[in-house]
Amino acid sequence: MTAATIISGKQISEEIRKGIALEVEQLSKQNVRPGLAVVLVGDDPASHVYVRNKEKACQDLGYYSEVHRLSAESSQEEVLALVDKLNAQDSIHGILVQLPLPKHIHEKAVIDAISVKKDVDGFHPVNVGNLVIGDDSLLPCTPAGVIEMIKRTGIEIAGKHAVVIGRSNIVGKPVSLLLQRENATVTMCHSRTANMVEIARQADILVVAIGRANMIDASYVKPGAVVIDVGMNRLENGKLAGDVDFESVKQVSGPITPVPGGVGPMTITMLMQNTLLAAKRLNGLA
Ligand code: GUN
């Protein structure tokens, strides 16, 4: 058997970022510079790494960026006041509040406060509703990245059976909707699904977002199926592992994404793309 194709999110991201850089140059001639504000509350180490990566992506592409690092003791009122200020600030086109928030802060209240037009995470209920209906919206970054990397690998989605494992608001639900929008037949599995192995084995495209390191082994995968691993689990030895047991699954699968270097880089690239789109829309250019 020939070895499975590895879908490099890193490489696809670089291609997309080249296109974004050209657009940023064009926009600068109209005195528009995309601006992203990231709000980070508290000391979660993983969140600090993610936020630094977002800041670096902004620098690399010539975006204006602000990172607001607030102490874990900040009140909900302080966070909401900052969001209000950023909503009104013309140099900012995208606002991202890094999750999770400390327990005393009501996540929904904060997300609901973000201007729909600046909601580059696509988490605001209006953007989620537009996604469900199929209207224009800012799409959540990881699900948009999953679709983009499948398409750019030259894989046809229409007519395929896609199985999504995981039903979170951030990944499982929106990625299912986007696959359906691309004319796949979609089955969603979750922690209470009976016969998950049997269902997963029917997938032409298997998207895994459950948050359990290496849970999906080759027994879940039909020979030749496309496998997209959204998992990002930190192991005790400090290494990053996906939800898919890559070494075992790649023996039977078709094209497959690695962790790291798969979906992760795509998420930040889609955030950059959303911020560019928001900047154009807010300036009447899209
Ligand atoms: N924490 C983990 N993933 C995400 C994400 O996509 N957006 C935000 N805001 N926080 C996250």
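From the list Ser176, Ser219, exactly one residue is part of a helix (DSSP H, G or I), within 26 Å of Ser13 (Cα to Cα), of a type in the set (Gly, Ala, Ser) and more than 16 Å from the ligand (Cβ to nearest atom). Which is it? Let's see the steps before the verdict.
Details: Ser219 fails: within 26 Å of Ser13 (Cα to Cα).
Result: Ser176 is the single residue among Ser176, Ser219 that is part of a helix (DSSP H, G or I), within 26 Å of Ser13 (Cα to Cα), of a type in the set (Gly, Ala, Ser) and more than 16 Å from the ligand (Cβ to nearest atom).
Can you spot a residue in segment 185-199 that is small (Gly, Ala, Ser), at pLDDT 95 or above and either assigned to a strand (DSSP E or B) or buried (at least 19 other Cβ atoms within 10 Å of the Cβ) (or both)? No, there is no match, as no residue in segment 185-199 is small (Gly, Ala, Ser), at pLDDT 95 or above and either assigned to a strand (DSSP E or B) or buried (at least 19 other Cβ atoms within 10 Å of the Cβ) (or both). Screening segment 1-116 for helices (runs of 4 or more DSSP H) wholly inside it with 1 or more residues that are touching a residue at least 40 places away in the same chain (Cβ under 8 Å) and either among the acidic types (Asp, Glu) or within 21 Å of Leu139 (Cα to Cα) (or both) returns the ranges 9-28, 45-61, 76-88. Among the residues of segment 61-70, are any over 24 Å from Met266 (Cα atoms) and over 23 Å from the mean Cα position of the chain (by Cα)? Yes, there is a match, as at least one residue in segment 61-70 is over 24 Å from Met266 (Cα atoms) and over 23 Å from the mean Cα position of the chain (by Cα).
If only residues of segment 112-165 that are acidic (Asp, Glu) and at pLDDT 95 or above are counted, the one that is farthest from the ligand (Cβ to nearest atom) is Glu156. For Leu40, state whether it is of a type outside the set (Val, Ile, Thr) and under 14 Å from Leu277 (Cα atoms). Against the criterion (of a type outside the set (Val, Ile, Thr) and under 14 Å from Leu277 (Cα atoms)), Leu40 does not qualify.
Return a yes/no flag: does segment 47-60 have any residue that is of a type in the set (Gly, Ala, Ser) and either over 24 Å from Lys85 (Cα atoms) or more than 19 Å from the chain's Cα centre (by Cα) (or both). Reasoning before the result, please.
Quick first cut of segment 47-60, residues of a type in the set (Gly, Ala, Ser) only: 47, 57.
Restricting the remaining residues to those that are either over 24 Å from Lys85 (Cα atoms) or more than 19 Å from the chain's Cα centre (by Cα) (or both) gives none.
Taking every residue of segment 47-60 in turn, none turns out to be of a type in the set (Gly, Ala, Ser) and either over 24 Å from Lys85 (Cα atoms) or more than 19 Å from the chain's Cα centre (by Cα) (or both).
The values are calculated or read from the model by the stated rules, or taken from the named source; none is laboratory data. Fair warning: this is a prediction, and the values are worked out from it, not measured in the lab. Cβ sites come from the backbone with ideal geometry, for glycine too, and all protein chains shown count toward neighbours.
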